[in-house]
Amino acid sequence: MPVSDAWRERLASARDDRLRQRRWRKRRVKPSATLDFAGNDYLGLAQEPRVQNAQAEGARRFGAGAGASHLVSGHLGTHEALEAALAEWTGRERALLFSTGYMANLGVLQSLADAHTAIFQDRLNHASLLDGATLSGARSRRYHHRDGEDLQRLLARSTATHKLVVSDGVFSMDGDVADIATLARVSREHSAWLMIDDAHGFGVLGENGRGCVEGVTREDVPILVGTLGKALGTAGAFVAGDAALIEHITQFARSYVYTTAQPPSIAAATLEALSIVRQEPQRRRQLFEHIATFRREAPLLGLPLAHSATPIQPLMLGSEARVMTWADTLAQRGISVGAIRPPTVPEGEARLRITLSARHTQADLHRLLEGLNACQREEAACHA
Ligand SMILES: *Cc1c(COP(=O)(O)O)cnc(C)c1O
């Protein structure tokens, strides 16, 4: 059999498996008129003219691209300024920029852990954390979701020299929040370092928007990752911590060293977004009013809410077919929600992932609730 036929068969067989499982995913170009309840632009900053202008101005001033990696000649003034602002804002000695959150997690774990390290992860951690652990060659264990006792048991059994506990801050498909105080206590008791990836909490949670670690000491969470493509509305990520940690990651994280620096215009836009996060708490207030409205109204319609106090409000529908039907019904009404199916979530736990934003209006929320009610009515009519 010619080489190309063998390859074509391999691709076809992978595709057929996915199709049979009804897990083949289609990209759709987003119609501009869609009412979006699927994205992570929680504060509406991606659409904020001041942020957009800062990006345009940044491109004019520094160039459309960085032109090189950070360690060669791509580290520009705007990157440096953003790192300083992020370090100050998170109360850490230093912060280091990565081009994406996925790359930050790969780089942090690969540079810190090796075969003598044991990594302990919440079972629902983001894929990038699982991949980073694999890449590092460390031994990985997964504890039950938000279960400090299970973590304690695994840590007590470990004989590894270096132990690293890793958790999402806000769980991206569930919207619930890690119990940071327990993670910090258990980690300390077992001389483990704690790393929190606060992709969905940064800019949103805490009195000042510093995320789920606001008010938690640097000693409790020595390694903090935040991403900039969600509440900050731009792109990229950072890791913050003490100077020795950040210098180590700068030297050894391959996804930092061997890649072109993020376009400086993005850093310029992020600086503006960060200053808006700090100066306009009313955006967070608006967002939390929407969360309260949704959680008050949805149960009145009999919708299955999850335990989430964050902008991520999943509706647990169970079957993949049901999720697809509801998402289609909403799409026909011009409303976009996340249709989340395995393997992103466990078998039998397919869900609509609804996300709220300060950019939404009360009227938008009511359109969403009406749409969800229509999904239920159509389902009831089918079963009648
Ligand atoms: C989105 C997300 C990431 C990845 O960030 P990107 O900047 O989109 O690559 C990492 N961790 C968590 C928990 C996330 O939700």
Where residues in the stretch 334-343 are touching a residue at least 40 places away in the same chain (Cβ under 8 Å) and crowded, with 17+ Cβ neighbours inside 10 Å, which of them is nearest to LEU19 (Cα to Cα)?
ARG341
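Residue-wise test of (1) in contact with a Leu (Cβ under 9 Å, 6 or more places away or on another chain); (2) more than 22 Å from LYS30 (Cα to Cα).
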| position | (1), (2) |
| --- | --- |
| ARG284 | yes, yes |
| LEU301 | yes, yes |
| VAL337 | yes, no |
| THR361 | no, no |
Consider only pairs whose beta carbons are under 6 Å apart and that are at least six residues apart or on different chains; among these, list those whose first residue lies in the stretch 53-74 and is touching a residue at least 60 places away in the same chain (Cβ under 8 Å) and in a loop (DSSP other than H, G, I, E, B) and whose second residue is open to solvent by less than 40 Å² (accessible area, probe 1.4 Å) and not small (Gly, Ala, Ser).
ALA66/PRO264
Considering residues that are open to solvent by less than 70 Å² (accessible area, probe 1.4 Å) and either modelled with pLDDT under 95 or charged (D, E, K, R) (or both), the number found within the stretch 46-83 is 2
Looking only at residues that are within 15 Å of the ligand (Cβ to nearest atom) and small (Gly, Ala, Ser) in the stretch 191-207, which one is farthest from GLN282 (Cα to Cα)?
ALA199
When LEU43 is evaluated against the numbered criteria (1) closer than 27 Å to GLU280 by Cα; (2) assigned to a loop (DSSP other than H, G, I, E, B); (3) open to solvent by 30 Å² or more (accessible area, probe 1.4 Å); (4) hydrophobic (A, V, I, L, M, F, W, C), which criterion, by number, is the only one it fails?
(3)
Scanning the stretch 114-149 for residues that are assigned to a helix (DSSP H, G or I), touching a Lys or Arg at 6+ places or on another chain (Cβ under 9 Å) and not small (Gly, Ala, Ser) gives LEU130, LEU135
Restricting to the stretch 142-158, give me the number of residues that are within 17 Å of ASP197 (Cα to Cα) and buried (at least 21 other Cβ atoms within 10 Å of the Cβ).
1
From the option list MET316, MET324, single residue qualifying as within 23 Å of LYS30 (Cα to Cα) and either touching a Leu at 6+ places or on another chain (Cβ under 6 Å) or not in a loop (DSSP other than H, G, I, E, B) (or both) is MET324
Quick one: in the stretch 166-190, of everything that is surrounded by 19 or more Cβ atoms within 10 Å (Cβ to Cβ) and in a helix (DSSP H, G or I), which residue is farthest from the ligand (Cβ to nearest atom)?
VAL186
With the requirement that a residue be open to solvent by 10 Å² or more (accessible area, probe 1.4 Å) and either farther than 29 Å from ARG283 by Cβ or away from the ligand (no atom under 14 Å from the Cβ) (or both), what does the stretch 234-244 give you?
ASP242, ALA243, ALA244
Which numbered condition SER255 fails, given (1) crowded, with 18+ Cβ neighbours inside 10 Å; (2) over 28 Å from TYR102 (Cα atoms):
(2)
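Taking the stated definitions as given, is SER357 under 27 Å from ARG25 (Cα atoms) and surrounded by 17 or more Cβ atoms within 10 Å (Cβ to Cβ)?
Values: under 27 Å from ARG25 (Cα atoms): yes; surrounded by 17 or more Cβ atoms within 10 Å (Cβ to Cβ): yes.
Taking the combined requirement at face value, the residue satisfies it.
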Need the failing condition index for LEU86 against (1) within 15 Å of the ligand (Cβ to nearest atom); (2) surrounded by fewer than 22 Cβ atoms within 10 Å (Cβ to Cβ); (3) over 17 Å from the mean Cα position of the chain (by Cα), just the number.
(2)
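Looking at this structure, is ALA231 more than 14 Å from the ligand (Cβ to nearest atom) and either crowded, with 24+ Cβ neighbours inside 10 Å or over 23 Å from GLN47 (Cβ atoms) (or both)? Step through it out loud before you land on a result.
On the way: more than 14 Å from the ligand (Cβ to nearest atom): no; either crowded, with 24+ Cβ neighbours inside 10 Å or over 23 Å from GLN47 (Cβ atoms) (or both): yes.
Spelling it out, it is not the case that ALA231 is more than 14 Å from the ligand (Cβ to nearest atom) and either crowded, with 24+ Cβ neighbours inside 10 Å or over 23 Å from GLN47 (Cβ atoms) (or both).
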For the stretch 29-40, name all the residues that are within 19 Å of the chain's Cα centre (by Cα), among the hydrophobic types (A, V, I, L, M, F, W, C) and open to solvent by 20 Å² or more (accessible area, probe 1.4 Å).
ALA38
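The values are calculated or read from the model by the stated rules, or taken from the named source; none is laboratory data. Model, not experiment: these values are computed from the prediction. Backbone-built Cβ (ideal geometry, glycine too); neighbour counts: all protein chains shown. Heads up: the accessible areas ignore ligands, DNA and RNA and are worked out on the full protein's heavy atoms, side chains in. Shrake-Rupley method; radii C 1.70, N 1.55, O 1.52, S 1.80 Å.
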